[in-house]
Amino acid sequence: QLAPRSRHTPTVLRLAWESTETSGLLVNVLGAILGEGPVAHDIVVVGAHRDHFGRQAGLLFPGADDNASGTAVILEVARALSQSESKPKRTIVFVSFSGEEPGLLGSRHYVNRPPVPLQRTVAMVNVDHMGVGNGRLTVGVTGLPRTVTLKAGELVGLEKNLDIYGFFPGGDHVPFKEAGVPTITVVSAGPHPHFHKPTDTSQTVNAEILKTATAYLLALTWHLANAL
């Protein structure tokens, strides 16, 4: 039953600081599955950041859920599609972004210096936080009808597992949205109690959630590459 004891004072505080930028090495890793047909020049970008905090203040931040989980999902989708006898109509570009945690550096670099013109990118799918949650998927959509995400869910029987919203704040999709590219963000729904903590280890990752996320992302990627 404590009550606030704050009160007004005549004191004025001011804070000043200096900000500097330094150059450094940033590595985005790209791979592509080439499309076949008249819209093969169109691009679907599927990305996930692989960086985390590393060691800070003597503590190791493993980043299993954020975002080794998303990295694993896009690698598995890329593997499955590369081994498929069916080829997509549009080209699919998989991107492992670096520098997300310090400020979306990898995705901003991609947008500022795109390997293919952004005008040819029909959609960007960002995958993050895929290892922990309640078994459902949160899907944020901008610039595309929500029916696109529902149709992908129907293809793999997951339409009832989706919570679909508009813009999802924060993540490597943001620079693409700012550049006018339609975006879809997919994260595992529910609480992520180890978010940005040293306890974000592989022991906390739920394999069933990863399977669900991978099945959905595979269907979504294929649908975007063929049906729009």
Straight-line reach only, C-alpha to C-alpha below 19 angstrom: list the aspartates and glutamates that K177 could link to, leaving out same-chain residues fewer than 8 apart. D42, E100, E101, D128
Neighbour-limited loop hits for chymotrypsin sites (Phe, Trp or Tyr not before Pro), the range 95-168 (at most 15 other Cβ within 10 Å; DSSP other than H, G, I, E, B): F167
Specify which labelled value, from (i) 71, 41, 35; (ii) 56, 31, 30; (iii) 57, 47, 30, agrees with Cα extents along the principal axes in Å derived from the coordinates of the model shown. (i)
Quick one, could you list the DSSP H helices from the chain stretching 24 Å or more along their long axis (Cα atoms) with average Kyte-Doolittle hydropathy of -0.5 or above? 207-226
Given the chain, longest segment not containing exposed loop GluC sites (Glu not before Pro) (DSSP; at most 16 other Cβ within 10 Å): 86-228
Summing -39500 (n - 2.57) over every DSSP H run of at least 4 in the chain, dividing by its residue total and rounding to the nearest 500, the 222 nm mean residue ellipticity is -7500 deg cm²/dmol
Which whole-number percent is the relative contact order of the chain (Cα, under 8 Å, 6+ apart)? 27 percent
According to the Cα gyration tensor, what semi-axes, each the square root of 5 times an eigenvalue, does the equivalent ellipsoid of the range 48-93 have, listed from largest to smallest in whole Å? 33, 9, 6
Take the alpha carbon atoms of the range 94-141, find their center, do the same for the range 37-90, and report the distance between the two centers in whole angstrom. 9 Å
State which stretch of the chain is the longest one without any exposed trypsin sites (Lys or Arg not before Pro), exposure meaning a DSSP loop state and at most 13 other Cβ atoms within 10 Å. 15-228
Hey, what's the range 38-127 come to in accessible area per residue, 1.4 Å probe, Å²? 44 Å²
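The values are calculated or read from the model by the stated rules, or taken from the named source; none is laboratory data. A quick note: this is a predicted structure, and the numbers were derived from the prediction, not measured. Cβ: placed from backbone, ideal geometry, glycine included. Neighbour counts: every protein chain shown. Quick note on the areas: whole protein, heavy atoms, side chains included, nothing else; ligands and nucleic acids left out. Shrake-Rupley method; radii C 1.70, N 1.55, O 1.52, S 1.80 Å.
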